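Contents: one structure, followed by commentary.
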Amino acid sequence: MKPARFEYHVPDTVEEAVGLLAELGDEAKVLAGGQSLIPMLALRLAAFDHLIDVGRIAGLTGISRENGTVVVGAATTDATVEQSAGPVAAVPLLVKATPLIGHFQIRNRGTVGGSIAHADPAAEYPAVTVALDAEMEAASRAGRRTIPASAFYRGYWATALEPDELLVAVRFPVWQGRCGFAVREFARRHGDFAVAGAAVGVQLDTDDRVSRCALALFGLAATPVRASTAERAVLSRGSDVSAEEVGHLAVADLAEVAGDVHGSADYRKRVGAAMVARAWREAVAEARVAVDGEDRHG
């Protein structure tokens, strides 16, 4: 099949792009990497009168470090994150999630902001933003505003972005000290969206007790889910806390998990718990060998 007819716009600046969004309203859709949007258009699962391609806006790409955060331009490709050895290394969870995204051809075109704005509940980057309390910077004709990850995802493929807003950057906090990170997911085939997955960050004090913890689940609900109960339960406990216990606690509070062709709701929860347990073990092992007080990733 072929997409329905549309008018193609290629703005040169953020100001031009948000101007088009304001003028065209719901009839327009932003095109970034296109790895999700183009197949949907080709299958006529979606149709828009106007596509606004932001891929040529220079100000939307790049990775920098500012005031304890790493700022990633929304149009920065997944491959750039995967191949960079600069500031992005200070956010190991983002780096570790990237190779799990599709195949290298997809990562060459797909963008960080595109994945986050698309808000697929089984995608890796949205889960990373939730785990790390990232902040999204949105621009419109009225100016710019910051949206915390905790308020950004509203439901299946739905975000807090207004129709006239463009996601321009994402700010990821940098963790210091004895920290470890891991992302684990289960998919039927390599490159498929995850049946269930977990993004985990752990910080240990000098006595090997958990001083900070971040657990986010993906593929199990309409949005990425922060496992707050599990996080509170492990704080101040020794790093030898049972990984299986952490996994069980992480999925216990899920209000509703929908079954689908990949498995029943109970199966998906069990897979989710297993992914948390595996990621927890890896993150704790990394934190144990980290040097206290050293910024290993900066």
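Coordinate-derived values only; no laboratory data. Predicted model only: the values in this text are computed from it and were never measured. With ideal geometry, Cβ positions are generated from the backbone for all residues, glycine too; neighbour counts draw on all protein chains shown.
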I need the peptides 138-146, 101-109 ranked by packing, meaning the mean over residues of other C-beta atoms within 10 angstrom, with the highest value on top. 101-109, 138-146
For region 58-116, what is the relative contact order in percent, using Cα pairs closer than 8 Å and at least 6 residues apart in sequence? 38
Counting each pair of different Cα atoms once, what's the Kirkwood radius of region 178-289 in Å, rounded to one decimal? 13.8
What percent antiparallel are the DSSP beta bridges of region 1-87, to the nearest 5? 35
Compute the relative contact order of the chain as a whole-number percentage, counting only Cα pairs closer than 8 Å that sit 6 or more residues apart in sequence. 17
Once the other residues with Cβ under 13 Å from the Cβ of Arg44 are scored (Lys, Arg +1; Asp, Glu -1), what is the net sum? +2
Any idea what % of Cα-Cα pairs in region 59-173 are farther than 26 Å? 11
Can you give the direction-averaged projected area of the convex hull of the alpha-carbon atoms in the chain, in nm²? 15.0
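Please figure out what share of the DSSP beta bridges in the chain is antiparallel and state it in percent, rounded to the nearest 5.
85
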Considering every Cα-Cα pair within region 7-53, what fraction, in whole percent, is farther apart than 18 Å? 25
Checking the cross-link filter: which lysines have an alpha carbon closer than 18 Å to that of Lys2, excluding same-chain neighbours under 8 positions apart? Lys29
Excluding residues on the same chain fewer than 8 positions from Lys96, give the lysines whose Cα lies under 16 Å from its Cα. none
Restricting to Cα pairs under 8 Å and 6 or more apart, the percent relative contact order of region 154-204 works out to 30
